[in-house]
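Notes follow the structure.
The values are calculated or read from the model by the stated rules, or taken from the named source; none is laboratory data. Small disclaimer: the values here were computed from a predicted structure and weren't measured. As a convention, Cβ positions derive from the backbone with ideal geometry for all residues, glycine included, and neighbour counts pool all protein chains shown. Each accessible area value is taken on the protein alone, full model and side chains, heavy atoms only, with ligands, DNA and RNA left out. Shrake-Rupley method; radii C 1.70, N 1.55, O 1.52, S 1.80 Å.
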Amino acid sequence: MSSPVLTVMTAAVRKAARALQRDYGEIANLQVSQKGPGDYVTAADKRCDKILREELAKARPGYSFLTEETGSVPGTDPDHRFIIDPIDGTMNFMHSVPFFAITVALERKDELVAAITYNPITDEMYSAEKGGGAFVNNKRMRVAQRRDIHDTLVSYEIPHRGGKGLPLSRAEISVLQGRVVGIRGTGSAALSMAYVAAGRFDAMVCRNINSWDIAAGILLVKEAGGFVADPDGEKNPMETGNILATNADLLPQFKDALAMAREA
Ligand code: LIP
C-alpha cells in the first residue's frame, strides 16, 4: 500500500511521462537532421519539469522544490522538499537511447522519505518509501547478494569529454577492471541506482553528480537492503556528489579498490 504522497508522486510522474514519450517519438526524426535535436530536448526537459512541479504543487501546496531545470524554489512549508530531475540521462534521450528516467524524491526534515524513478520507455516504475521497502512496478526489490567483488557487474558513470575528475575516473575504472567481471557506463545515474536496488548491478559508482540525479536512487537502494556511501569517507553523497551503492559485503571491497585508485 503506498502512502497518499507516493500516490501523488506516481500520478505526477505518469502525467509528465506521457509528454516525454511523445517527445521521444519525435527525436528519431530530428536525429538525422543537420540541426540535431538539441533545442528540442531542452524544450522537452523544461516541459516535463513544469508538469511535475504543477502536479505536485497542486496536491502539496507549500512544499519546496529543487529541480535540475529550475534550481531551488522555496515553499512555505520548511519541512518538505521535492527533489526532481525531469530527464536523467539527457544525452541518451537526445540520441534515442531508451535508457533515461524521470526521478523524483521527497525529503521530510532533510531526510529522504519517498522516491520514484520511472523509465517511460520500458514502463518500469521504481518506488520506495522509508521503512516500506522498494518495488519495481509491484514487485519487491532486493539488492544482489554476491559477496565477492571478483563476481560483480558494476555501473560506473563515465564523465563526459572535459568533465570534472576525468583522471580519477580513469584510475578507478582501471583498478576496477582488474577486480570485477564487467563495467557498464549507462548515462543515467538514477537508473543505475534503480538497477542496483533491483539486484541487476552489484554496485554503482559515480563522481561529481548532482543531488537530483541520486536522491531517489539512495532511498531505492537503502529500502532494497543496500548501502550507500561516499567512497572517500564518511560524508553525505548528496553533499559531495560522490557515491558508491552496493550491498553490505561488497561495500568495504569497493571502498578498498577505489582507495587504491586514489593513491595510484
Ligand atoms: C547525467 C547523469 C549521468 C552522469 C552525467 C549527468 P542528466 O544527468 O545522470 O549519469 O554521468 O554526468 O549528470 O544531465 O542527464 O540529468
* Structure fact -> With a ≥ b ≥ c from the Cα gyration tensor eigenvalues, square-rooted, and the rule rounded for a/c under 1.5, otherwise prolate when a/b > b/c and oblate otherwise, segment 1-50 is prolate
* In order through segment 120-129: 3J(HN,Hα) via Karplus (6.51 cos²θ - 1.76 cosθ + 1.60), integer Hz, x for Gly, Pro -> x, 8, 8, 6, 9, 10, 9, 9, 7, 10
* **Average Cα contact separation per residue, segment 149-263, under 8 Å, 6 or more apart, as relative contact order %** => 29 percent
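In Å², and per residue, what accessible area does segment 4-140 have when probed at 1.4 Å with the other protein chains present?
On the way: 6410 Å² over 137 residues.
In whole numbers, segment 4-140 has 47 Å² accessible per residue.
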* Projected-area mean, segment 4-140, by convex hull of Cα positions, square nanometres -> 8.0 nm²
* Structure fact -> At q = 0.10, 0.11, 0.17 Å⁻¹, the log10 of I(q)/I(0) for the chain from a Debye sum over equal Cα scatterers comes to -0.48, -0.58, -1.31
* segment 189-264: GluC sites (Glu not before Pro) in DSSP coil with no more than 10 other Cβ atoms inside 10 Å -> Glu234
* What trypsin sites (Lys or Arg not before Pro) in segment 178-252 are in a loop by DSSP, with at most 14 other Cβ atoms within 10 Å of the Cβ? -> Lys235
* Would you mind getting the Kirkwood hydrodynamic radius of segment 153-264 from its Cα pairs, rounded to one decimal in Å? => 13.6 Å
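Checking understanding here: applying a Kyte-Doolittle mean of at least -0.5 and a length along the axis of at least 24 Å (C-alpha), which whole DSSP H helices in the chain pass?
4-31
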* Asked: In segment 149-263, what percentage of the DSSP-assigned beta bridges are antiparallel, given to the nearest 5?
  -> 50 percent
* Accessible-area composition of the chain, carbon plus sulfur, in percent [1.4 Å probe] -> 51 percent
